[in-house]
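Some notes on the structure that comes next.
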Amino acid sequence: MSKYTVLATPRSFAKQDPQPLTLLESRGCQVIRLPIHDGDLREQLWEYLPQADGIIAGLESYDASLLERAKKLKVISRYGVGVDNVDISFTKARNIVVTNTPGANSDSVADLAVALMLCAARHVCQMNQRIHAGQEKKPLSGVEMWKKTLGIVGTGRIGKGVIARVGGFKMNVLAYDAYPDEGFMSSHNGKYVDLDTLFSESDFISLHAPLNEDTKSMVNQKRIALMKKDAILVNTARGGLIDEDALFNALKNGLIGAAALDALMNEPASNSPLASLENCILTPHAGAATLEAGLNMGMMAAQNLLDVLEKNSCRYALEL
């Protein structure tokens, strides 16, 4: 008989490599993958939460009304980093431990951020679409990354990874972080500046900040107005960092060069007005979509859950 009932919602959890699932099952967990038969995930969570001891959680919302049904729940183990979709005040009141997987997908997301910069700068997606549609024309004229200025908002693991990667482009790096790492920036010939300076002086801006009350809509109409006319904005962090109406207007009216977004306030991205703009590249929250990141996140999420269930302690538990 299984000791624990565990719900697992991320579609990619243990999909390419069964090790995370095998780890859970070897330690007495019955794992129920949701959604079943492509049903409605929230409806199925509503049904299965009363019997769950733990959850391997994706990006879906865990609000108070849903968590009220979780009478046995001890841990929400996020398969990823962000926890803004979890009602933290409720979990704290009910002693439900929330964990995440910092660093597991850092390399994957940093790779994608640089890829999006290059694609936006050289119009790779637009030219590819035209060729596939049989509308091949002369190449679109883009901009170079070589020796340009990159603004990094957030110098955690991913932000630092991007800075390390663009070293080969000899980019001038400006950064902003509430908790600066002066030693790292000095070793990479960069410097910290205030946000307004970063937005006004950067040719490329890449967002790597968490979403909270201080950072929500930090990229607003005022800051977009500071950007250079050919500047490129990249977001592989959280959708709520950007005022998307302000960004839509700026892109539509040619006030900035382009944007490349892996995260939107409301997903799927295909429903966004931004999807109608040729100068906005959209990807489906794919920052962690590599074999390596999937395995790293899966193993960390599984171990975090087991640590809480078996020891009531986890090094990656959020300080609530």
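The values are calculated or read from the model by the stated rules, or taken from the named source; none is laboratory data. These figures come from a predicted structure and were not determined experimentally. Positions of Cβ are generated from backbone atoms using ideal geometry, with glycine treated the same way; all protein chains shown enter the neighbour counts.
Points to keep in mind about this one:
- Annotation: of all residues in the stretch 144-168 being out of contact with any strand residue (DSSP E or B) (no Cβ under 8 Å at 6 or more places or on another chain) and either closer than 14 Å to ASP196 by Cα or touching a residue at least 24 places away in the same chain (Cβ under 8 Å) (or both), the one that is surrounded by the most Cβ atoms within 10 Å (Cβ to Cβ) is ILE158.
- For the stretch 82-99, the tally of residues that are surrounded by fewer than 22 Cβ atoms within 10 Å (Cβ to Cβ) and in contact (Cβ under 8 Å) with a residue 40 or more places away in the chain stands at 5.
- For the stretch 112-140, the set of residues classified as of a type in the set (D, E, K, R) and under 26 Å from GLY168 (Cα atoms) consists of ARG122 only.
- Elements of type strands (runs of 3 or more DSSP E) contained in the stretch 167-257, each with 1 or more residues being assigned by TED's automatic domain parsing to the domain that holds ASN271, in contact with a Ser or Thr (Cβ under 6 Å, 6 or more places away or on another chain) and within 30 Å of ASN85 (Cα to Cα): 172-176, 232-235
- Considering residues of the stretch 264-287 that are touching a residue at least 24 places away in the same chain (Cβ under 8 Å) and small (Gly, Ala, Ser) only, the residue surrounded by the fewest Cβ atoms within 10 Å (Cβ to Cβ): ALA286
- Of the residues making up the stretch 1-20, just one is more than 15 Å from GLY58 (Cβ to Cβ) and among the hydrophobic types (A, V, I, L, M, F, W, C), namely MET1.
- When the stretch 119-143 is filtered for residues that are surrounded by fewer than 19 Cβ atoms within 10 Å (Cβ to Cβ) and either within 19 Å of the chain's Cα centre (by Cα) or among the acidic types (Asp, Glu) (or both), only GLU136 remains.
- Selection of the stretch 260-291 for residues being in a helix (DSSP H, G or I) and in contact with an Asp or Glu (Cβ under 7 Å, 6 or more places away or on another chain) yields only LEU274.
- Residues of the stretch 169-198 that turn out to be among the acidic types (Asp, Glu) and either within 20 Å of ALA121 (Cβ to Cβ) or surrounded by fewer than 14 Cβ atoms within 10 Å (Cβ to Cβ) (or both), as a count: 3
- Residue count, the stretch 53-81 (criterion: surrounded by 20 or more Cβ atoms within 10 Å (Cβ to Cβ) and of a type in the set (Asp, Glu)): 1
- Every residue from the stretch 218-230 that is touching a residue at least 40 places away in the same chain (Cβ under 8 Å) and surrounded by 16 or more Cβ atoms within 10 Å (Cβ to Cβ): MET218
- Within the stretch 199-217, tally of residues that are more than 16 Å from the chain's Cα centre (by Cα) and surrounded by fewer than 20 Cβ atoms within 10 Å (Cβ to Cβ): 4
- Conditions (1) assigned by TED's automatic domain parsing to the domain that holds ILE152; (2) over 30 Å from ALA93 (Cα atoms); number of the one not met by LEU295: (1)
- Residue within the stretch 152-163 that is outside any loop (DSSP other than H, G, I, E, B) and of a type in the set (S, T, N, Q) present: no
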